Each structure stands twice: as structure tokens, then as C-alpha cells.
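**Q** Sharing a structure with you now.
The values are calculated or read from the model by the stated rules, or taken from the named source; none is laboratory data. Everything numeric here is computed off the predicted structure, so don't read it as measured data. Backbone-built Cβ (ideal geometry, glycine too); neighbour counts: all protein chains shown.
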Amino acid sequence: MLECIGLKKSYNEKIVVNDLSFSVNKGEVFAFLGSNGAGKTTTIKMILGLIKKDGGKIITDENIHIGYSPETPYFPPFLTGYEVLDYYAQIQKIPKSNRSSEILRLLDTVGLENNKTRVRNYSKGMLQRLALAQSLLGDPELLILDEPTAGLDALGRLEIIQLIGKLKSTGKTIIINSHILNDIERICDRGIIIKNGVQLGEWHKSDNNEKSLEEIFIELVRGIKE
Ligand SMILES: Nc1ncnc2c1ncn2[C@@H]1O[C@H](COP(=O)(O)OP(=O)(O)OP(=O)(O)O)[C@@H](O)[C@H]1O
Ligand SMILES: [Mg+2]
């Protein structure tokens, strides 16, 4: 579904993504993990074409639609959740005939049934849910979720994780970047851990893992020399 080969990106001569390669298979829930400032969001933005890469290759299946939930969602504060989704649906040219039903379905899916509230009055968790709904518009084959459960309370996190599980069961391919490793262990099949733009190791879900993902993460991230 997606292959990244030797990705590179620098800002002001500081290398933030350094020869990074990984691939994500169809139907997988892939964990893209790493310490703060490791280069995860930068890599995601390169995959989405939001920023230019300095080197490397990104190969995707032909004509795939990628849905994206950003790390810090921003929507015009004077719009309601419904209006935000309507705006994005128009950009995506979703036909008017099924726009309204699709938006209501997505608001319900993410637990934002009260669509009269304006974004300026949204809590952090509500913003995250709206960003997730926005990423699902148009039924994308690949979803990239940058910290989808950040800022949610324990129940909200569980609901989002269950929703991601449902999306997985419909065959979607999902990349999740998160620091909440419990969530990752619940939902992801495998993943990679990066630091300073370099891959430190891989993680595979298994029932007989000797170490928790958190232990693996800390060992890998601590072990590298600055
Ligand atoms: N536009 C920019 N200009 C300069 N430096 C940048 C820019 N964007 C990102 N960086 C730097 O690139 C590095 C990687 O940032 P990035 O946001 O990709 O990290 P991250 O892995 O997503 O971290 P976090 O887990 O904290 O979200 C950081 O050192 C950051 O300061
Ligand atoms: Mg980030």
C-alpha cells in the first residue's frame, strides 16, 4: 500500500529525517513511533505531499485516497462540526445528494451527535473527534492519524481505539503515530520506532512478547548515543 525508501529532510542544515525506509501493507494498522522531535510528523507531511522531501522515494498504490487527521487540528472557530465537514466534503466533491447523510453518519461514528456547537466551544477531545471524522470523509483506503487519542480521557480513548478497530475490520490500512503505547499495543499489528530521524527498531505484536512495547521503546530510545 505504501513504501518509503531512504526519505530525507533537513531544516536549516539540521537533519530531521535521515535515510528512513519502511513499508505498510494493505489492511495493516501500522504504528509509527518515536521520541518527541524524532521526525514522525515531518515524515507524514512528506507522505501527504504537504512538505517537500530532500531525498528518497514514496511509492503508493495507484490512485489511493489518503485520509489525514493532523497532530494539531485547526478548523475555523465560527463553524459548527457539521459545517466543517460540509466544507471538506465540498472540496472533495462528494455529491450533494449524499453529503448530508454522510456527514451525519460520520458525526455519529465519532460520537459528535450534537452538531450545533461551534468549533470555538469544542473541547480538545471534541476537536480530535472532528479531525477523525474529517479524515474519514470520502472513504479513504489509507488513513494517517497523527496522535488521534492525544488529549482524550480514558473512555474517549477507548472509544476511538474501538472505532479504529472497526475501521480495520472493514479492510482499511491505518498508520498511527502516538505516544500512548497502551493504545498502540491494543490496536496495531506492528510498527517502527525512530529517533533523530533514524529507525531504531521494529515492533511486532505477539501474544508471547517478553517485553511490553513501553519497555522496548525505552530501551531503544535510551540506547542510542546523542
Ligand atoms: N518547519 C520547521 N522548521 C524547522 N524545524 C522544524 C520544522 N518542522 C519540524 N522541525 C523540526 O524537525 C524535528 C522533527 O519534528 P517533528 O514534528 O517531525 O517531530 P515528531 O516526531 O512529530 O515529534 P512529536 O512526537 O513531539 O510530535 C524537530 O526537531 C522539529 O523542531
Ligand atoms: Mg509530531
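**Q** So, H179, is that one surrounded by fewer than 19 Cβ atoms within 10 Å (Cβ to Cβ), of a type outside the set (V, I, T) and under 13 Å from the mean Cα position of the chain (by Cα) or not?
**A** The answer is yes for H179.
**Q** Which of the residues that make up the stretch 27-84 are within 10 Å of ligand 1 (Cβ to nearest atom), hydrophobic (A, V, I, L, M, F, W, C) and under 16 Å from the mean Cα position of the chain (by Cα)?
**A** F32, L33, A38, I44, M46
**Q** Filter the stretch 193-211 for residues that are assigned to a loop (DSSP other than H, G, I, E, B) and away from ligand 1 (no atom under 16 Å from the Cβ); which is modelled with the lowest pLDDT?
**A** Only one residue tops the list, namely D207.
**Q** Search the stretch 159-171 for residues that are farther than 19 Å from L130 by Cα and pair each with any residue that is assigned to a loop (DSSP other than H, G, I, E, B) and small (G, A, S) when their beta-carbon atoms are under 6 Å apart and the residues are at least 6 apart or on different chains.
**A** G171/G27
**Q** Which of the residues belonging to the stretch 182-192 are part of a strand (DSSP E or B) and either in contact with a Gly (Cβ under 9 Å, 6 or more places away or on another chain) or crowded, with 20+ Cβ neighbours inside 10 Å (or both)?
**A** The answer is G191, I192.
**Q** I've got another one for you. For the stretch 31-90: of the residues being assigned to a strand (DSSP E or B), within 16 Å of ligand 2 (Cβ to nearest atom) and hydroxyl-bearing (S, T, Y), which is nearest to L143 (Cα to Cα)?
**A** Only one residue tops the list, namely Y68.
**Q** Return yes or no: is I161 part of a helix (DSSP H, G or I), in the same structural domain as G34 (by TED's automatic domain parsing), more than 16 Å from ligand 1 (Cβ to nearest atom) and at pLDDT 90 or above?
**A** no
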